[in-house]
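Please read the structure below before turning to the comments.
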Amino acid sequence: DEDELRFAAGALADAERAVAMTGAGVSTASGIPDFRGPDGVWTRYDAEDFHISRFEADPEGFWDDRIALVEELYGDGREPNRAHEALAALEREGHIEGVITQNVDGLHQAAGSDRVVELHGNGERVACVDCGATDGLDAARADDLPPRCRRCGGLLKPDVVLFGEQLPDYAWYQAHAMAQRADAVLVVGSSLSVEPAASLPREAAARGATLVVVNRERTALSGRAEYDFRADATEALPRIRDALADY
Ligand code: APR
Ligand code: ZN
């Protein structure tokens with residue numbers, strides 16, 4: 001309710017170093033389905049088809065499914081929504097250090113967030129498994145699948161973390177450092193069901209950081225959050241931003 005939201009904003013205002021962590025729930029209002037909500041991607045696709053072992057065993061079949069998924073997720077482009085814009089404003093107005101995101105849609109950057117750590121990579125990019133060169137996704141839209149690196153002919157992979165893959169070292173290092181320093185974490189639109197991403201807010205809370213959760217459904221950390229809002233991110237985040245403007 002309103003008071004609860006004002007208290008949560010107060011806790012964020014009192015924090016020295018607050019950080020936001022987001023998941024697919026911040027992008028559903030932009031037309032990108034989440035993964036585990038009632039109509040999530042994993043209710044229509046099999047996550048196993050996107051495991052790194054499937055990519056290695058059957059790159060052509062993997063890319064067939066990946067391109068179908070990308071078409072559904074992103075279609076002819078998606079715009080940031082009021083939740084992304086509110087987070088960019090919270091950073092601009094000095095209330096959060098930045099955003100650690102599990103999303104690969106680039107919408108935080110499109111909304112003007114400056115400090116964005118993409119834990120799971122970026123879906124607009126592809127990377128060569130042999131020489132590491134990256135290219136735009138359209139390099140993989142060629143009709144001859146699996147797409148190959150222009151430089152060395154190696155296999156191209158979406159530059160996102162597939163199930164079974166390690167997170168990119170530098171992104172993990174940055175996110176872990178941000179979460180370690182944080183004395184408040186604002187978790188928005190994530191079920192917090194995927195590791196090691198979920199360990200960031202969990203360890204911050206274990207260290208005494210204030211946890212504020214904004215999510216339609218209950219999350220894995222809702223029981224530990226000082227403030228746990230069952231709310232729509234596009235409603236709650238602009239209101240948190242407005243409440244913070246008074247501090
Ligand atoms: N406002 C608030 N919460 C929302 C909204 C919304 N508009 N829309 C959806 N949600 C909530 C859902 O209720 C759900 O609990 O967002 C949460 C999204 O959780 P997931 O679908 O599990 O997405 P996420 O937590 O980002 O998944 C993490 O899993 O599949 C992998 O790599 C993929 O990055 C992804 C990771
Ligand atoms: Zn290459």
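Values computed for the structure shown
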{"read-out": "Yes/no for residue 55 being at pLDDT below 95 and more than 23 Å from residue 80 (Cβ to Cβ)", "value": "no"}
{"read-out": "Boolean, residue 155 is in contact with a helix residue (DSSP H, G or I) (Cβ under 6 Å, 6 or more places away or on another chain) and modelled with pLDDT under 95", "value": "no"}
{"read-out": "Of all residues in region 148-192 being without any contact (Cβ under 8 Å) to a residue 40 or more places away in the chain and open to solvent by 70 Å² or more (accessible area, probe 1.4 Å), the one that is nearest to ligand 1 (Cβ to nearest atom)", "value": "166"}
{"read-out": "Hits in region 193-208 - residues which are open to solvent by 10 Å² or more (accessible area, probe 1.4 Å) and among the aliphatic types (A, V, I, L, M)", "value": "194, 205, 206"}
{"read-out": "Subset of region 105-149 (residues that are of a type in the set (Lys, Arg) and part of a strand (DSSP E or B))", "value": "125, 148"}
{"read-out": "Region 121-142, residues that are open to solvent by less than 30 Å² (accessible area, probe 1.4 Å) and touching a residue at least 40 places away in the same chain (Cβ under 8 Å)", "value": "121, 123, 137, 140"}
{"read-out": "Residue in region 1-31 that is nearest to residue 218 (Cα to Cα), counting only those that are aliphatic (A, V, I, L, M) and open to solvent by 10 Å² or more (accessible area, probe 1.4 Å)", "value": "24"}
{"read-out": "Sole residue being out of contact with any Asp or Glu (no Cβ under 9 Å at 6 or more places or on another chain), without any contact (Cβ under 8 Å) to a residue 60 or more places away in the chain, of a type in the set (A, V, I, L, M, F, W, C) and at negative phi, chosen from 89, 47, 57, 110", "value": "57"}
{"read-out": "Selection within region 107-153 - among the charged types (D, E, K, R), out of contact with any strand residue (DSSP E or B) (no Cβ under 6 Å at 6 or more places or on another chain) and within 13 Å of ligand 2 (Cβ to nearest atom)", "value": "130, 148, 150, 151"}
{"read-out": "Of residues in region 209-221 being without any contact (Cβ under 8 Å) to a residue 60 or more places away in the chain and within 21 Å of residue 29 (Cβ to Cβ), the one most open to solvent (accessible area, probe 1.4 Å)", "value": "218"}
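The values are calculated or read from the model by the stated rules, or taken from the named source; none is laboratory data. Computed from a prediction, not measured in an experiment: that's the story for all the values here. Reconstructed Cβ throughout: ideal geometry from the backbone, glycine too, with neighbour counts over all protein chains shown. We work out accessible area using only protein heavy atoms, side chains counted, and drop any ligands, DNA or RNA first. Shrake-Rupley method; radii C 1.70, N 1.55, O 1.52, S 1.80 Å.
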